[in-house]
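Below: one structure, written as structure tokens.
The values are calculated or read from the model by the stated rules, or taken from the named source; none is laboratory data. All values derive from a computational prediction rather than experimental measurement. Neighbour counts run over all protein chains shown; Cβ positions are idealised from the backbone, glycine included. Protein only, heavy atoms only, side chains kept; ligands, DNA and RNA dropped before computing areas. Shrake-Rupley method; radii C 1.70, N 1.55, O 1.52, S 1.80 Å.
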Amino acid sequence: MRLSMKTAKSFGEFTLETDFTVEGQRVGIFGTSGSGKSTLVAILAGLVAPDRGEIVLDGVTLFSSDNRINLRPEQRRIAMVFQQHCLFPHLNVRNNLLYGYKRCPAEFRAVDFDILAAVLKLDGLLDRGVTNLSGGEKQRVALGRAILANPRLLLMDEPLSALDDTLRFQIIPYLKSVSEQFGIPYLFISHSLVEMRLMTDTVLAFEGGALVGQTTSEELARKRMGQSAVGYINLLELDGMTERHGMCVYCWKGGELLLSVGNRDTVSGLFELSSKDIILFKKHPEAISARNLLHCTVIGLFESASKLGVELKCSEGTLVAEIVPEAARELGIEQGSVVYAAVKASAFRRLATNGVTRAEPPCQ
Amino acid sequence: MTPLTPADYDAIRLSLQVSIAATLLSLPFGFAVAYLITFVQFRGKVLLEVLINLPLTMPPVVVGYFLLLLLGRHGWLGSLLDEVGIRLIFTLKAAVIASAVVGFPLLVRSVRIGMEGIDPQLINASRTLGARWPDTLMTVILPLSIPGLVAGSSLMFARSLGEFGATIIVAGNIPGVTQTIPLAIYEYAASPTGESMALSLCLVSVAISVIVLFLHETMAKKAARSD
């Protein structure tokens, strides 16, 4: 997907100005509330006309004020997944899914209904009404409906913000896999950096109606570490954990990771760990209460606001710790330094669970 | 209470005919006007709203008088229709028109409230899924307006059943031709011996109204449950 957008749109005091060209299958639009994300989405979908400018998607001009082109929403083949599902309440699941499919010209129909319904695990729900579905089911129907319209671009406008954490991270694999499986590029809109990192490669960051950066989602998360109250969020996909003394044990090469995540049945899943919850030691501490003491090598340093991010190579994974520059000077932390990282077992937070405990031998 | 006479049965039949015809004829127009007011931005929208709601605030007799001026043989529209052999005044058609005009604001109001309750994002979803505007109108807006249409229709039907002032001016009070229940009651009430006859028709009128309003409430509750 190649999207070029140079537009301006004013609503009273607020003006959204865009001037970017972006390429890729997984693009993010990041910004806080009031940054202009929703306006941008509406402009792209053809629901709102910009005051001036030009929008070109894969060589097709969607809007051009100079050439007086403004394709109607139904002509753009840009489908949307909305924050609030927006399923048609008078239609059942099957007819919601088929709404866009029936209106898609035959030559563009590449997605098979039965396959999609199976991928999204909707095949058992097809004849049900949509009003009694759970939040996750509704969002899967909304996603399936948009995919079946065979769009050239899928706009996902904060599709996870109406869901609780558990559902959010259950839906993400569907959002990713369906788009990848059917080869449909997407623009993912969110104010969550974690979602951005899980869903996108390239990110366009907006603030107050202006584009303030075009970068990778990982780079954006690092840049914002110092300003964020939660710091940089380390995302850990951990598989094959066992249970010991009420904690989950994950075997890293050369050691083990102990997680106190409340649910001892967790054997694999996605976990988050804030950069603020990692304490660095230059020497091996004699006795500490933290259950995890990881032997790490500093592989990178980056500044963010008044903080210093320390990228650590720990066994098989990498972690980012956050310290103040003064601490780095005192400890002599630089690239290549060897440090010990202490992490409390309770500092991990489970985002999604993929399985249940299996009886397996402890770490060798 | 006195048993109903054949003329009373005629009045009941005519009342139902007028109410049903007025409601059915008004439905497409009511839907269109409600749609215009809800979804289309245009100059003079406030004026249209005022004109639509005017019969609600004016005495029905005034409405009837204006209709007489418009549809009478020397009226602007009446003279045109007269040239092609169509006479409306003092016919059942005039009673239907009078009922339609008086009940129309109630219909539009209910349909409009229903339409305003439609989430605009559903319309946006429909458009981005490839539906043209008329397609969206038929497959999203119309089905979701059904509770409003049902509510408006039943209110309008009930209002038409009770219509008196405008009807008597444009359709007269001709037994078996234009005499509806309210007009028959009026005639009985004006007669020194018609008191019990009037009461019988009043009870019939109350019964029909109760049935209509009961259906209205049932359907409104059903619509609310399906939301």
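List of remarks:
- Burial of 20 Å² or greater, segment A:123-146 residues [accessible area, probe 1.4 Å, versus chain by itself]: A:Thr131, A:Arg145
- Chain B, dipole about Cα centre (Lys/Arg Cβ +1, Asp/Glu Cβ -1), debye to the nearest 20: 560
- For segment A:57-129 versus segment B:117-186, the gap between their alpha-carbon centres in whole angstrom: 33
- Given charges at beta-carbon only (K, R positive; D, E negative), |dipole| of chain A in Debye: 540
- Average accessible surface for chain B: 51 Å² per residue, computed with a 1.4 Å probe over protein heavy atoms with every protein chain in place.
- Taking the 1.4 Å solvent-accessible surface of the protein assembly as shown as the whole, the part contributed by carbon and sulfur is 57%.
- Mean projected area of the Cα convex hull of segment A:165-214, taken over all directions, amounts to 4.0 nm².
- Chain B: most fluctuating residue of B:Ala171, B:Ala98, B:Ala207 per GNM, C-alpha cutoff 10 Å: B:Ala207
- Rg over Rh [alpha-carbon atoms, Kirkwood Rh] for segment A:1-157: 1.00
- Dividing the summed helix terms, -39500 (n - 2.57) for each DSSP H run of n ≥ 4, by the number of residues in chain A produces a 222 nm estimate of -6500 deg cm²/dmol to the nearest 500.
- For segment B:106-137, residues shielded by at least 20 square angstrom of accessible area compared with the chain on its own, probe 1.4 Å: B:Gln121, B:Leu122, B:Asn124, B:Ala125, B:Arg127, B:Thr128, B:Leu129, B:Gly130, B:Arg132, B:Asp135
- Normalised radius of gyration (Cα atoms, divided by 2.2 N^0.38 Å) for chain B: 1.15.
- Entries of A:Lys138/A:Lys307; A:Lys37/A:Lys102; A:Lys138/B:Lys222; A:Lys138/A:Lys344; A:Lys102/B:Lys45 with Cα pairs more than 32 Å apart: A:Lys138/A:Lys307; A:Lys138/A:Lys344; A:Lys102/B:Lys45
- Accessible area per residue, Å², chain A with all protein chains present, probe 1.4 Å: 44
- Environment charge of A:Leu97, counting only residues whose C-beta is closer than 14 Å and scoring Lys/Arg +1, Asp/Glu -1: +4
- Buried surface for the A/B pair, taken as the accessible area of each chain alone minus that of the pair with a 1.4 Å probe, is close to 1700 Å² in total.
- Segment A:77-186: trypsin sites (Lys or Arg not before Pro) falling in loop per DSSP and having at most 14 other Cβ within 10 Å: A:Arg109, A:Lys121
- Mean projected area in nm² (Cα convex hull; one quarter of hull surface) for the protein assembly as shown: 39.2
- Selected from A:Val310, A:Pro50, A:Gly24, residue furthest toward positive end of dipole (chain A; charges at beta carbon): A:Pro50
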